[in-house]
Amino acid sequence: MGFLDFLIIAIYFALILWIAKWAATEKKGGVFSSVDYFLAGRSQGWIVIGTSLFASNIGSEIILGVSGAGARANMPMANFEILASLILILLGWVFVPFYLRTGVYTMPEFLEKRYSKACRTYLSVISILAYIITKISLIIFAGALVFEILGIPFWTGAIITVIATGFYTVLGGLKSVIYTDMVQAFILIFGTAAITIFGLYQLGGWDEMISTIATAAQTEGNPPVDRFFNLWRPMEDTDYPWTGMLFGAPILGVWYWCTDQFIVQRVLSAKDISNARKGALFAGYLKLLPVFLFFLPGVIAYALLQKGMISFSLDNADQALPVMITEFLPTGLKGLAIAGLLAALMSSLSSAFNSCSTLLTIDFYQKFRPDASETDLVRFGRISTVVIVIVSLGWIPFMNALMGGGIFHYLQSIQAYISPPIAAVFLFGLYYKWINAKAAIITLWTGFAIGIFRLVIEFMNNDGIISIAEKSMMDYFLGVNFLHFALFLFIFCSVILMAISKLGIPQPAATLELVTFQKRTTPVPFKLTTDILLTVILIALVLLIWWLFSPFGIG
C-alpha cells in the first residue's frame, strides 16, 4: 500500500459521507416524513434504482466468492448472477405494478393485504432474524477481511465497517443508502474492471491465458480449459447440475429479487411504475457484468499462479482476488480495487441496516402504535438502526468463532431452504384469487419446518453428531442436491397451497382487487414500448452468454 492507494481510499470515504450528508439535508427544513426516510420520498428515477439494486446485491463476499469460483474452474456458480437478469425482468413486469399500486412500505405488509396478519408477522420475523444472523454477519466478516488487506486488524476493520455504514444509514435513511449505492456501484465496477484489464494485460492477453491454462491442464489434478468456461454441468453433478440451475435456482431468485425487503425496497422508492420497471431492467443489464468482472479475474489469478507471478493456495481459492490486489496490482490501481471492495460491502451492509429498520418500524412499531406521528416513525427508524448496529457489533465475537467451523455455512443456507414456500405464496397469490390465507400460513410453516429439518440433519450428519446409514431413506433425503431440493420443496408447497385453498373458502373478491391479476374487459392492442424492447434485448444477451459459455461456444 502506497500513499496514492491510501489517498484514493480516503477520497472514497469522504465522497460517500458527503453524498450521505447531502441526501440527509437536501429535504427543506430538514424534517423527514416516513415516506422520505423509508422510501426516499417515492420520487426516485430508474438509474438510481437500478444501480442501488445492483450494489445492494453485490457484497464483497460475492466478489470474493465468484472470483474464487473462477480460480477453481467452477463457472456454474456465475450462473446465479446471469439468472438474476431474468428474475429482475419478472420483478419489473409482474411484481412491481402490484407493489406500487398498493402503496406498501414492506413485503410483509403486502402479504397482509393479500392474505392475513399472521402471514405478515411470519415474514417480518423470519426476515429480521435472517438479516441479523446471516446477511449482516457475513457482510461484516467479509468487510473485516478487506481491511486486513490494508494491514488493519480484523476487529478494527469490523468496527470501522459497521460504524461508518451505520452512521450514514441512520442519517438519511433510504435516500442516503440508494444515492451512496449509485456511486458505490460505479466504483466497484471500475475497481474490478481495473483488476481484470491489468491482469489480462500482464498475462499477455486472452490467448496467452488460455495457453497457460492448457499447459497446466497436462499436470494431473488440474482442470482442463473447457471447465473454466462452461456454465453447464451434467444432471448427476453433485454441486451445480444443469437441471438444478434452470429449475431450482430461479425459485431462490424469485424469493430474493422479487419478495425480499432487502432488495424490493429500492423499487418501492420509484416515482412511478415505469421508472421502477426500467430500474429493474437496468439492474438486469448490470448483473451480466459479474461473469466478466468477478469470475474472469479468478481465472486470470489461476493463470498467474501457474506462471509463478502470484502465490495462493487453491484449497482457499477465495483468496485469489485479495492476493492479486496485494501482490500484483501497482500503486493507484491497488487503492482503486480496494475502494471497489469497500463499496461492495458498505452498499450491502447499509441496505441490510435500512431494511431491518423499515421492517421493525412499519411492521411492529406502527402496528403497536397506530397513532404514531411521522416524526415518531422516523425517530424510531433511526433508533432501531442504531440498535441493529450495536447488535451487529455484539454479534462479531460469536461470528468470528463460528467462521472457524461448519455451522456458519449452514446458517448461510437457511435462506436457501426457507425461500421455496415464500416464493410459492407470493407467486400463486398474485395469479389465483381462490388461494386463501389459511392455506398460505400453513404452507409457510410447513415449508419452513421441512427446510430447517433438512438443514439441521445435514449439519449434524456432516459434523458427526449423528450417523445415517447408507441407502436409507434419510440418506437419500440428504443426497438430493440443494437446488433440486429447492425445486421439490417449491412443488410440494405449491400442492399444499392449492389443495388447502380448494378445500377452504376464498377471500372476499373486493379485498383482492389490488393484489391479484384482474381479467380485462376489453383487449389491449400490442404496442412496442421502450420497456418491451429493453426486455427482449436483455433476454437475448442472457441467451447469448449461455451459448458462449457452453460446449457449443468456448466451453
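Close amide-amide hydrogen proximity is noted between Leu514 and no other residue 5 or more places distant or on a separate chain, at a cut-off under 5 Å (H modeled in the peptide plane; Pro and chain starts excluded).
Electrostatic tally near Val542: other residues with Cβ closer than 13 Å to its Cβ, Lys and Arg +1, Asp and Glu -1, net 0. To the nearest 10, the accessible area of Phe95 is 0 Å² with a 1.4 Å probe. A simple spin-label model places pseudo-atoms 7 Å from Cα toward Cβ; at Ile457 and Ser550 they are separated by 3.5 nm.
Taking θ as phi - 60° and the Karplus parameters 6.51, -1.76 and 1.60, the scalar couplings of the stretch 476-488 work out to 5, 4, 6, x, 5, 3, 5, 6, 5, 4, 4, 5, 5 Hz in sequence order, x denoting glycine and proline. Using only Cα atoms, locate the centre of the stretch 231-282 and the centre of the stretch 173-197, then give the distance between them in Å, rounded to an integer. Each part reduced to its Cα centre gives a spacing of 20 Å.
Rg and Dmax, both from the Cα atoms of the stretch 459-516 and both in Å, are 18.9, 55.
Under a model in which nothing but the beta-carbon of Lys, Arg (+1) and Asp, Glu (-1) is charged, the stretch 230-337 shows a dipole of about 580 debye around its Cα centre.
Taking a sphere under 13 Å around the Cβ of Asn275 and counting the other residues whose Cβ falls inside, with K and R at +1 and D and E at -1, yields a net charge of +3. Restricting the calculation to Cα atoms, the stretch 429-555 shows an Rg/Rh of 1.14 when the hydrodynamic-style radius is the Kirkwood one.
Here the chain is assigned +1 on the Cβ of each Lys and Arg and -1 on the Cβ of each Asp and Glu. Its dipole about the Cα centre then comes out at about 2040 debye.
Using the Cα coordinates of the chain, the gyration tensor eigenvalues translate into equivalent-ellipsoid semi-axes of 36, 30, 24 Å, sorted from longest to shortest. The accessible area of Glu327, taken with all protein chains in place and a 1.4 Å probe, comes to roughly 100 Å². Highest-first packing order for the peptide set 73-84, 512-523 is 73-84, 512-523, based on the mean count of other beta carbon atoms within 10 Å. Derived scalar couplings between HN and Hα for the stretch 365-379 equal 4, 5, 5, 7, 10, x, 8, 4, 6, 4, 5, 4, 5, 5, 4 Hz in order, rounded to whole Hz, by the Karplus curve 6.51 cos²θ - 1.76 cosθ + 1.60 (θ = phi - 60°), x for Gly and Pro. Coupling constants for the stretch 417-428 follow from the phi torsions by the Karplus curve (6.51 cos²θ - 1.76 cosθ + 1.60, θ = phi - 60°), and in residue order they are 7, 9, 6, x, x, 5, 4, 5, 5, 5, 5, 5 Hz; glycine and proline get x. Rg over Rh for the stretch 1-145 works out to 1.01, using Cα positions for both radii and the Kirkwood form for Rh.
Rounded to the nearest 20, the size of the Cβ-charge dipole of the stretch 1-77 about its Cα centre is 180 debye, with Lys and Arg at +1 and Asp and Glu at -1.
Diffusion coefficient of the stretch 482-555 by Stokes-Einstein, Kirkwood radius over Cα pairs, 10 °C, 1.306 mPa s: 90 µm²/s. For the stretch 438-555, the residue among Gly464, Leu543, Leu533 whose Cα projects farthest onto the positive side of the dipole built from Cβ charges is Leu533. Approximating the spin labels as points 7 Å out from Cα along Cα→Cβ, the Glu148-to-Trp445 distance works out to 4.3 nm. Farthest towards the positive end of the charge dipole of the chain, among the residues Val524, Ile128, Leu91, is the Cα of Val524, using unit charges on the Cβ of Lys, Arg, Asp and Glu. Considering the stretch 317-390, its Cα convex hull presents a mean projected area of 7.0 nm². Over the stretch 152-259, all Cα pairs binned in 10 Å intervals from 0 give whole-percent P(r) values of 11, 18, 26, 30, 14, 1, listed from short to long.
Of the peptides 304-310, 160-166, 294-300, the order by per-residue mean of other Cβ atoms within 10 Å, starting with the highest, comes out as 294-300, 160-166, 304-310. Counting every alpha-carbon pair across the stretch 74-161, the share separated by more than 23 Å comes to 54%.
The values are calculated or read from the model by the stated rules, or taken from the named source; none is laboratory data. Please read these numbers as outputs of a predicted model, since none were measured by experiment. Neighbour counts run over all protein chains shown; Cβ positions are idealised from the backbone, glycine included. Remember, those area values only see protein heavy atoms, side chains included, never the ligands or the DNA or RNA. Shrake-Rupley method; radii C 1.70, N 1.55, O 1.52, S 1.80 Å.
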